[in-house]
1. So what does His77 come to for accessible area, using a 1.4 Å probe and Å² rounded to 10?
2. For region 189-270, what does the relative contact order come out to in percent, with C-alpha contacts under 8 Å and a separation of six or more?
3. Could you put Met75, Met1 in order of accessible surface area, largest first, with the 1.4 Å probe and the full protein assembly present?
4. Can you give the accessible area of Asp182 in Å² (nearest 10), computed on protein heavy atoms with a 1.4 Å probe?
5. Starting from one equal scatterer on each C-alpha and no solvent at all, send me the Debye-based log10 I(q)/I(0) for region 170-284 at q = 0.11, 0.15, 0.17, 0.24 Å⁻¹, two decimals.
6. Ordering Thr48, Thr232 by how much accessible area each has at a 1.4 Å probe, largest first, what is the list?
7. Given the C-alpha atoms of region 78-209, compute the convex hull and give its volume per residue in Å³.
8. What does the charge add up to near Ser15, with Lys and Arg as +1, Asp and Glu as -1, over the other residues with Cβ less than 15 Å from its Cβ?
Amino acid sequence: MRIDEIIASKRPVFSVEFFPPKTAEATEGLFATARELRELEPDFVSVTYGAGGSTRDGTVEITKALKDDLGFETMAHLSCVGESAEGLAVTLDRIEAAGIENVFALRGDPPRGREDFEQPEGGLGSAAELARFISDGWDFAIGGACFPEVHPEAPDLDTDLTYLKTKVESGASFLITQLFFDNRAYFDFVAAARSKGIDVPILAGVIPVAGFAQTKRICELCDATIPESLETAFQAAGGDTEREFELGVAYAAQQCAELLIAGAPGIHFYALNRAPATRAVLGALRAARPWERTRGEVGTLARTPD
């Protein structure tokens, strides 16, 4: 089923992001994670695409297996990095042949060791170009990324939103945010996007912290901010992994509840191929159903107009 149709038919939606494993042991771990999370009925799962297209084959294979073997609705990520338009077309044909109906269109990060994105010879230069390329040749539901704290390469929010609008106009029918920890960043971003005329659903990207050191490295790579109060709380855990896990789950559960009460259309979990933290948070949300307490003006800002 198309993800834009899923979002249109129910609120909220829950989704989980995986990345293609590089070893047989890691593959077993991913599918064990997926089987555990399947019990909580996520509405879809997505599979990332490595820098420089390093995992392009694994992306399609894992996405297909999650759909065929475990019954998930799936979305394959696709990026422009290191690939010609002809090569992208081949991959899109493979995704279509696998019965996958959803593609997440990304420009992509530069390959390891390079600081700046370089448009491949015969390739595409942006996620908006990729969304248009997909729209013109295939019938996929297209998702796009957005950045509540502003894309690292954008000089300001208005410039970032102007570009984001071109991504939507090129075919992206829903957006998923980069991870964030301060919900005010999401609410302010959604309000600004709506004022800019961007009216597609914007799912909130959340990472339930299982280990602080790893999460901090991820945030440094993607320029996501950890609030000072949260970092202080993790430092107080003294490196105790159990205490970090408990704090990460508690914070993510509270963060997601606030987002859903305010009217966010869904939560996209960055699970890092591990089940426990995401399972705990999603299980708590399924039990408490905070979205049934949606209220007020903030909720109208976070919602997509009917």
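1. Rounded to the nearest 10, that gives 10 Å².
2. Numbers: 64 pairs, mean separation 42.6, N = 82.
Across region 189-270, relative contact order equals 52 percent.
3. Largest to smallest exposure gives the sequence Met1, Met75.
4. 50
5. Evaluating at q = 0.11, 0.15, 0.17, 0.24 Å⁻¹ gives log10 I(q)/I(0) of -0.37, -0.67, -0.84, -1.48.
6. Details: Thr48 30, Thr232 75 Å².
Result, largest first: Thr232, Thr48.
7. Working: hull volume 16.5 nm³, N = 132.
Expressed per residue, the convex hull around the Cα atoms of region 78-209 is 125 Å³.
8. Every neighbour counted, the sum reads 0.
The values are calculated or read from the model by the stated rules, or taken from the named source; none is laboratory data. Not measured: the values here are computed from a predicted model. So basically every Cβ, Gly included, is an ideal-geometry build from the backbone, and we count neighbours across all protein chains shown. The accessibility values were calculated without ligands, DNA or RNA, using every heavy atom of the protein model including side chains. Shrake-Rupley method; radii C 1.70, N 1.55, O 1.52, S 1.80 Å.
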